[in-house]
Amino acid sequence: MPLQTFRYAACGGGNTILDITLFYISYNFILHKQLLVTPVMTFSPHIAAFLMSFCVTFPVGFFLSRYVVFEGRDVRKREQLPKYMVVVAGSILLNYFFLKVFIETFGMYATLAKICTTFFVVAFSYFSQKHFTFK
């Protein structure tokens, strides 16, 4: 296994565990599986929990990718962050779509749906970061 792939798996795995843990805590203990009502809009509990965990795992994921996984690349930071944000936007859309489908269409438990969603998002993220963000 190439070192870069190992680093991505280790860092991504750690960040994924953090993401699922924060999702579980947010969904079950902060939101209590209830809608999150804001002045602007109302969020379903699984989408609100995803957004809460995302606020932590987005910066953690960027710094791990930048300084551990793809640290040898010559792309400047000011070029990497916008590209990383494009990949993250795609990941957000995938998370939203799969969580909605798995929970609202198939009736899966939220944490199990988050774990299943993660498989799709990790594959998309790895190839996008390798061939776009940090190439």
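If we keep just the residues of the range 1-56 that are farther than 18 Å from residue 96 by Cα and among the aromatic types (Phe, Trp, Tyr), which is surrounded by the most Cβ atoms within 10 Å (Cβ to Cβ)?
Step by step, filter the range 1-56, then rank; the result is 8.
Is it fair to say residue 81 is at pLDDT 80 or above and out of contact with any Leu (no Cβ under 8 Å at 6 or more places or on another chain)?
For residue 81, the condition - at pLDDT 80 or above and out of contact with any Leu (no Cβ under 8 Å at 6 or more places or on another chain) - is not met.
Residues of the range 103-112 being over 11 Å from residue 24 (Cα atoms), assigned to a helix (DSSP H, G or I) and in contact with a Phe, Trp or Tyr (Cβ under 9 Å, 6 or more places away or on another chain), which ones?
103
For the range 76-93, enumerate the residues that are surrounded by fewer than 17 Cβ atoms within 10 Å (Cβ to Cβ) and either assigned to a helix (DSSP H, G or I) or in contact (Cβ under 8 Å) with a residue 60 or more places away in the chain (or both).
Passing the criteria: 77, 78, 79, 81, 82, 83, 85, 86, 89, 90, 92, 93.
Is there a residue being in contact with a strand residue (DSSP E or B) (Cβ under 8 Å, 6 or more places away or on another chain) and more than 13 Å from residue 133 (Cβ to Cβ) anywhere in the range 51-69?
Yes: one or more hits.
What single numbered condition from (1) free of Cβ contacts under 8 Å to residues at least 40 places away in the same chain; (2) under 21 Å from residue 7 (Cβ atoms); (3) within 14 Å of the chain's Cα centre (by Cα) fails to hold for residue 57?
(1)
Are any residues in the range 113-129 surrounded by fewer than 17 Cβ atoms within 10 Å (Cβ to Cβ) and either among the basic types (Lys, Arg) or closer than 14 Å to residue 100 by Cβ (or both), and if so, which ones?
If the condition is that a residue be surrounded by fewer than 17 Cβ atoms within 10 Å (Cβ to Cβ) and either among the basic types (Lys, Arg) or closer than 14 Å to residue 100 by Cβ (or both), then 116, 120 are the ones that fit.
Are any residues in the range 102-135 under 20 Å from residue 17 (Cα atoms), hydroxyl-bearing (Ser, Thr, Tyr) and without any contact (Cβ under 8 Å) to a residue 40 or more places away in the chain, and if so, which ones?
Selection gives 109, 117.
So residue 27 passes all but one of these: (1) touching a residue at least 12 places away in the same chain (Cβ under 8 Å); (2) under 23 Å from residue 10 (Cβ atoms); (3) hydroxyl-bearing (Ser, Thr, Tyr). Which condition number does it fail?
Single failed check for residue 27: (2).
The values are calculated or read from the model by the stated rules, or taken from the named source; none is laboratory data. Remember, it's a predicted structure, so these values are computed and weren't measured experimentally. Glycine gets a Cβ as well: all are built from the backbone with ideal geometry, and neighbour counts include every protein chain shown.
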